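K.L.:
Below is the structure I would like to discuss, written out as structure tokens.
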């Protein structure tokens, strides 16, 4: 599917693929838990190497992932090849994006439902 101009990103991504949320799953605390399970120190270089491993899977990754919501640290990181993480993703047809909300808050007038707040 090809989209030109403004459109809903999930429509552009297609329905048969997933979006990987690097912002949610790989913030410093969460990725630190993953790294500690394999006795790897939670420092930026190790987080960068982890993301490079994920994002450099090439077309195999692109068969299953259409887009990645990036953690702010990831936007500025480069792979060992010198390419930015964004360039790695785009080279394989994966759409990079960023999180544009500040998290969830209780939705007034509901029984425990939440909504997100924008930045």
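The values are calculated or read from the model by the stated rules, or taken from the named source; none is laboratory data. Keep in mind it's a predicted model, so treat the numbers as computed, not measured. Neighbour counts run over all protein chains shown; Cβ positions are idealised from the backbone, glycine included.
K.L.:
Can we say residue 46 is surrounded by 12 or more Cβ atoms within 10 Å (Cβ to Cβ) and either modelled with pLDDT of 90 or more or in a loop (DSSP other than H, G, I, E, B) (or both)?
P.N.:
yes
K.L.:
Still on this structure, I have one more. What pairs come up if the first residue lies in the range 78-95 and is within 13 Å of residue 68 (Cα to Cα), the second is assigned to a loop (DSSP other than H, G, I, E, B), and their beta carbons are under 6 Å apart, counting only those six or more places apart or on different chains?
P.N.:
Matching pairs, first to second residue: 85/77; 88/56; 88/79; 92/58.
K.L.:
Another question, then. Mind counting the residues in the range 33-52 that are touching a helix residue (DSSP H, G or I) at 6+ places or on another chain (Cβ under 8 Å) and without any contact (Cβ under 8 Å) to a residue 12 or more places away in the chain?
P.N.:
Here the count works out to 3.
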